[in-house]
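The values are calculated or read from the model by the stated rules, or taken from the named source; none is laboratory data. If you're wondering where the values come from, they're calculated on a predicted model, not measured in any experiment. Here the Cβ is made from the backbone with ideal geometry for all residues, glycine too, and neighbour counts use every protein chain on show.
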Amino acid sequence: MLVHSRTGRAACWAVFLVLFLPLFALPFLVVVMASLASHWSGALPSGATLAHYREATRGDALHSLTTSLLTAAGASLLALTTGTWAALAAHRLRGALRRVLDVLFMLPVAVPSVVVGLSLLVAFSRRPILLNGTPWIVVLAHTVLVTAFAYQSVGAALTRLDPAYEQSAASLGAPPLYVLWRIRLPLLLPSLTAATGLCFAMSMGELSATMMLYPPDWTPLPVQIYATTNRGALFTGAALAVVLMLATLAVLLVMGRARTRAAHR
């Protein structure tokens with residue numbers, strides 16, 4: 001730590017706990033408590049039950065969880081491919097062209113996601129590319145929204161790479177494609193794994209653009225949570241939210257282990 005005295009460290013921990021507990025930990029704790037409650041009429045819930053979790057892990061809820069996982073996986077892979085390709089191309093650019101490319105990839109993050117949803121709805125609701133009413137338009141919307149994170153993550157990693165490895169391989173006669181596949185991409189693997197995890201997490205929680213685009217047979221879990229709580233079933237909605245958090249956390253833990261292994265290679 002930057003603070004070396006015992007009193008200073010204690011003060012830092014105290015400030016951290018004072019800020020962390022009410023702003024971050026307490027809201028999550030309330031959601032978990034609500035998911036286990038049968039009644040909540042006072043300061044604390046009463047009547048612990050697992051009935052809400054039984055509803056959250058069967059039927060439409062389970063289908064929505066599977067839909068979210070498939071959507072996030074597809075969007076993450078597409079975003080990683082597009083963002084990495086663009087970052088590799090932009091790494092060799094300088095001046096105004098590089099700034100224009102950065103702006104184009106960051107634009108979906110700078111505007112409200114509902115604007116992205118509306119633009120895709122208008123663009124792909126008629127031929128020759130008709131995606132409205134299909135799951136592909138949801139995957140495309142999530143891809144557009146999360147590609148910026150892959151682009152920025154890979155772009156930042158490229159600036160930290162030591163060019164000596166690529167120069168040594170090229171001086172020994174390795175063609176550019178070989179250098180990319182066997183030298184540059186393996187060195188970028190920790191950043192690629194981190195970018196995939198970030199894209200996946202962002203996709204799992206996306207709601208605004210999804211609400212405008214999803215077909216009835218492709219309902220992601222955040223939409224199901226919104227619909228459930230909107231009907232007044234707050235405790236069931238809390239259980240669905242906990243399931244969403246646990247599923248996202250499980251995937252992120254797997255990605256974290258993969259990133260650690262990649263970093264030690």
Inset, instruction - Please list, ordered by first then second residue, the pairs with beta carbon atoms under 7 Å, 6 or more apart or interchain, first in segment 246-265 and more than 26 Å from Ser68 (Cα to Cα) and modelled with pLDDT under 90, second β-branched (Val, Ile, Thr) and surrounded by 13 or more Cβ atoms within 10 Å (Cβ to Cβ). - result: Ala262/Thr193
Inset, instruction - Would you tally the residues in segment 176-204 being surrounded by 15 or more Cβ atoms within 10 Å (Cβ to Cβ) and under 22 Å from the mean Cα position of the chain (by Cα)? - result: 17
Inset, instruction - Kindly list, by first and then second residue, each pair from a residue in segment 167-192 that is in the same structural domain as Ala87 (by TED's automatic domain parsing) to a residue that is modelled with pLDDT of 80 or more and in a loop (DSSP other than H, G, I, E, B), limited to pairs with Cβ atoms under 9 Å and residues at least 6 apart or on different chains. - result: Arg184/Leu161; Leu187/Leu161; Leu188/Leu161
Legend entry - In segment 127-175, the residues that are among the aromatic types (Phe, Trp, Tyr), touching a helix residue (DSSP H, G or I) at 6+ places or on another chain (Cβ under 7 Å) and surrounded by fewer than 22 Cβ atoms within 10 Å (Cβ to Cβ): Tyr165
Inset, instruction - Would you check which residues across segment 82-97 are closer than 10 Å to Ala150 by Cβ and of a type in the set (D, E, K, R) and list them? - result: none
Inset, instruction - Report, ordered by the first and then the second residue, all pairs with beta carbons closer than 7 Å, sequence separation of six or more or different chains, a first member in segment 13-41 that is at negative phi and assigned by TED's automatic domain parsing to the domain that holds Ile225, and a second member that is modelled with pLDDT of 80 or more and loosely packed, with under 11 Cβ neighbours inside 10 Å. - result: none
Inset, instruction - Specify which of the listed residues (Thr82, Thr71) is in contact (Cβ under 8 Å) with a residue 60 or more places away in the chain, surrounded by fewer than 18 Cβ atoms within 10 Å (Cβ to Cβ) and not basic (Lys, Arg). - result: Thr82
Inset, instruction - For segment 115-130, name all the residues that are part of a loop (DSSP other than H, G, I, E, B) and hydrophobic (A, V, I, L, M, F, W, C). - result: Phe124
Legend entry - Pick from segment 77-114, criterion outside any helix (DSSP H, G or I) and not aliphatic (A, V, I, L, M), ranking: nearest to the chain's Cα centre (by Cα): Pro112
